[in-house]
Each structure stands twice: as structure tokens, then as C-alpha cells.
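Some notes on the structure that comes next.
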Amino acid sequence: MSPSGAELLRQVKSQIEEVDPAVVAEHLGNGMVLVDVRETDEFGVAHIPGAKHVPKSYLETRIEAAAPDKDAWVVLYCASGNRSAWGARTLTKDLGYRRVASMTGGIALWKDRGYAVTTPKALTAEQRDRYSRHLLMEEVGVEGQIKLLESRVLLLGAGGLGSPAALYLAAAGVGTLGIVDNDVVDLSNLQRQVIHTSDRVGVPKVDSAEQTIAALNPDVQVVKYPVRIDASNIMEIIEGYDVIVDGLDNFPTRYLLNDASVRTQIPVVSASILGFDGQLSVFKPYEGPCYRCLYPTPPPAELAPSCGANGVLGVLPGTMGLLQATEVVKLILGEGEPLIGRLLLYEALGATFTELKVRRDPDCPICSRPPDAISDEEMGVFPDYEAFCAAAG
Amino acid sequence: MATVKIPPVLRASVGGEKEVSADGSSVGEVLNALAAAHPQTQSQLFSAEGELNRYVNVYLNDEDVRVLDGLQTAVGESDTLVILPAMAGGSR
């Protein structure tokens, strides 16, 4: 006679190792891989901080992303310790993991013992559908998606670089997108500035961008700044943003942005383009070099042409703007190796990428000093870069 | 001969090429050979005193020559020099 379900569970539990929540609490974050095997909605309500999420029905196909090392100490938990017992047997018998345990009593006992749980904001059913391809990824998941939804990204310019970046960041569910642009849509913009449309020629770019974003993703709040960024307004505008996307078209403002972002310790994902060539880097204050470490002084005018005068292949800002958006998402999620201390050069005609190292300058006039070493008096009165650059040119 | 990658703003000065070859056993020698072959690059690369202009970065393979031995940095036959002036183009 086949065993009853309860009998079978007893047999399974006799074949696996079980650990008490106290053991997990002691060793969590210390080489132990803790995996929550419950369903997505259960995980979304509350889970143990630091736990990875692999639903039991996906253990066979997805555990290797969560626990690539089969010699690692893997502890599974569920609601009460039964599903995780089955899971532990699967990992041991079928998948060759050598040190697997199931946590006794599940998250219910964990909570009874008074240990902490994370209760992330839950996604709505519509959001679970909209972001389902993110939720399937170990590197994003519900927690990562909520990070995106709670993040604030500032785009300097809704032009060639800002347009594709804004579209994909909005689609990805970045909750707040600030857009600084004092320009109106021109017909000649549409060859590359894909967030705008033919029927919006003459409309302020911030309004046009807001319309497109609203139609794409209602989760995204757009904050519009129809101004030209300068020393008088930059501190007020950038305050409270998590990441800044720099698609500025001139050196004075790039230096101004650098100094303000170092002062406020906001990372800047910076790109520039010319003709068939693009450059990309991430300036994360105090973790890597700043823009002044890379380019201590601007070049004279004849070596600093603008795109307006020189032309740009329409798809190139698309490529570079999306590389920027990718770096932004990585910074928000805290995943991967952001392009900090590295400069990526892309040459479209030859289809070549070149990577260069960028070092922090120990004598950098800005980032060699602690942010609060810059006095309040100095703050509102950035040097007059316009005059400086005019003189240099 | 080392390979020298030419940035967009200097390409007009070297006949439109994206890379050129130049002789020399140090960074300074290679850049001087480049300037001799393409005189328009001289003032773009070097100050009147013969120093590398501060707004021009030069990399030996992937490393800034300023953290190596500057213009004295040794250059091998198979090395690549990348000349990189600051670029600020967004597109409005």
C-alpha cells in the first residue's frame, strides 16, 4: 500500500537535515545561502532578510542561479517547514547539492522566535504582470522591482541621449523621472530624439516627454524642470535624486554638474557623442574618479565642437543613451559591475568598443576634499565656468 | 610601429584616418612622429613648452600615461596609444 501524505513527509524528513531558526539566525550572511521556496505572493508579503527566492516548483531550473556552488551551505525555508523539506530532498538527491538543510517550522516559527522579517511593499496584480520579465530574474525580482519603483532618476536633457534613456527607464518602472530641459521640440530633433513625435513640434520637450511616458507607464511620476540648469538652480534641482543621467551638450554645465554631484554624493551616468563616436562612464563620488579627474580642464573651442554643428548619426545617441539606462538600472539594483573608474569608447563605423582606466586624481580640486569641506558660502557660488571656458577658448 | 587611435576632433588633421601608425620607443617619440607626419596635430597635442596639453589624455593600451612615466613611458611595437580629448556632445 502506498504511504499516506503524512507518512511520506515523515519519510522525507528522516532523509534530510533540519536546522533550527536559531542556527539560521546565527549563520545568515556568513556563507549560508538561505532560499525561500514559497510562492511569489507569499514571499512578497514577508520574508527573511537576505533570503533568495526560488519557488519550490522552479527549484530544479532556477536554484543554480541562487546557489551556483553545490558545496555551499544551502538552507531552504517555507511557511512551516514541509515544502522546504521536499525541496531539500530534491536538491540533495536529484541535483547533487552536498550540504542542504530545511529550516524547522518555516517562517512562522522564525517570526514566533522574534527574528526580523522584511515586508516589502507588495506589487499590484497589474504590476506583477507588467514587470513579470523582471520578476523572473534573480538579479531583479520583487525586491529589485520595488527598488526601481521607489527610485528617483534625474535626466539632464530630453534630447538625443535623454530620450532613449527616459523611455527605457520609464518602461523599467523607475518611479520618479525628473527631466530638465528648456527647449521645445524641433523637426530636426526627431531623427534621434525618439521620445518626441511629429505632432509635438513646438511643444516644450518636458511636456512632450511627459506625455510619452504617461502613455507608456502610469507607474512613473514625471517631474518637469523647463529651465536651463545653472549655478543658481542646480543644488535645488538635483537634491533627493538617486542617480543623474548626464546628456549635457556643453563643458561648463558638465563641470558644474560634477561639482554639485560630488558635493551631494549623487552618482552621475555620463555619456557624450560626436559623429560616429560615443563615450560612457559612471562617476560615483568617492568610490571612483569624478569628471574633473578624467578631464581636469576643458579643451579650447576648436577641439570642442558641438553636435549641432557637426552632425550625429541618429542611432548613436540611442546606443549610448541605452548604455546609460543600463548603468542606471545596475546602480539602483546594486547588481553587476558599474562602469566606475572605466571609460567606454564606442566607434560605430568600425563597430569597436575600447575600455580605458580612469584613476582618481589625488590632487583633484573637487573630489580630493570631503563633501562637507566645501563651505556653504562656496556652495551657491560656483566659479563662473562660462567665463572660464570662454577665456580658455 | 605603434598604433595610434585618433579621436574624432583630430581626424581632419590626419587625413580622416581613425588610426595611424607611428615610430618611436616612448610615448613622446610616437606622438612627435605623429606631429611630424601631420603638423596640424602639433599644437593640438603639445603646449608651446613641448608638454602634453592638459586637456588631452593619452593612454598606453588602457592606462593613462600620466600614471605611468608620462611622455617617457616605453612603447612596444604591438602597443596602442589612444588620444582622447574631452568630449561634451549631447544632442539638443
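Any read-out appearing in this document is the output of simple, stated calculations on the displayed coordinates, not a laboratory observation. A quick note: this is a predicted structure, and the numbers were derived from the prediction, not measured. Cβ coordinates were reconstructed from backbone atoms using ideal geometry, including for glycine residues, and neighbour counts include every protein chain displayed.
Local charge for A:CYS367 was computed over the other residues whose Cβ lies under 12 Å away, with Lys and Arg +1 and Asp and Glu -1, and equals +2. Electrostatic bookkeeping for A:SER270 treats Lys and Arg as +1 and Asp and Glu as -1; over the other residues with beta carbon under 14 Å from its beta carbon, the sum is 0.
Where only DSSP H runs of four or more residues are counted, chain A gives -10000 deg cm²/dmol as its mean residue ellipticity at 222 nm, each run worth -39500 (n - 2.57).
Net charge dipole, chain B: roughly 540 debye, given to the nearest 20, about the Cα centre with Cβ charges of +1 for Lys and Arg and -1 for Asp and Glu. Given the range B:2-85, what percent of its DSSP beta bridges are antiparallel, to the nearest 5? Restricted to the range B:2-85, the bridges split so that about 80 percent are antiparallel. Counting DSSP beta bridges in the range A:113-248, what percent are antiparallel, to the nearest 5? Of the beta bridges lying entirely in the range A:113-248, close to 5 percent run antiparallel.
Over the range A:1-123, the fraction of Cα-Cα pairs per 10 Å bin, rounded to whole percents and listed from the shortest bin up, is 14, 48, 31, 6, 0. Scoring A:238-245, A:126-133, A:15-22 by mean Cβ neighbours within 10 Å over their residues and listing the highest first yields A:238-245, A:15-22, A:126-133.
With a threshold of 32 Å on the Cα-Cα distance, the over-threshold entries among A:LYS205/B:LYS5; A:LYS205/A:LYS284; A:LYS224/B:LYS18 are A:LYS205/B:LYS5; A:LYS224/B:LYS18.
Look at the dipole of the protein assembly as shown built from charges on Cβ: of A:THR92, A:TRP73, A:HIS196, the Cα furthest out on the positive end belongs to A:THR92.
If you wrap the tightest convex hull around every Cα atom of chain B and split its volume per residue, you get 103 Å³. In units of the compact-protein estimate 2.2 N^0.38 Å, the range A:13-61 shows a Cα radius of gyration of 1.23. Among DSSP beta bridges lying fully in the protein assembly as shown, give the percent that are antiparallel, nearest 5. Percent antiparallel among DSSP bridges in the protein assembly as shown is about 45. Among A:SER2, A:SER272, sorting on how many other beta-carbon atoms sit within 10 Å of each Cβ, with the fewest leading, yields A:SER2, A:SER272. With neighbours defined as other Cβ atoms within 10 Å of a residue's Cβ, the residues A:LYS13, A:LYS121 order from fewest to most as A:LYS121, A:LYS13. Straight-distance candidates among the lysines for linking to A:LYS56, with alpha-carbon spacing under 29 Å and chain neighbours fewer than 8 residues away dropped: A:LYS13, A:LYS70, A:LYS93, A:LYS111, A:LYS121, A:LYS147, A:LYS330.
Of the residues B:GLY24, B:THR80, B:GLN44, the one whose Cα sits farthest towards the positive end of the charge dipole of the range B:2-85 is B:GLN44 (charges of +1 on Lys and Arg Cβ, -1 on Asp and Glu Cβ, taken about the Cα centre). Over chain A, the alpha carbon radius of gyration divided by the compact-protein estimate 2.2 N^0.38 Å works out to 1.20.
The order of B:SER13, A:SER198, going from fewest to most other C-beta atoms within 10 Å of their C-beta, is A:SER198, B:SER13. Database remark: amide H of A:LEU313 closer than 5 angstrom to the amide H of A:GLY275 (H placed geometrically; neighbours at sequence offset of 5 or more, or on other chains; Pro and chain starts carry no H).
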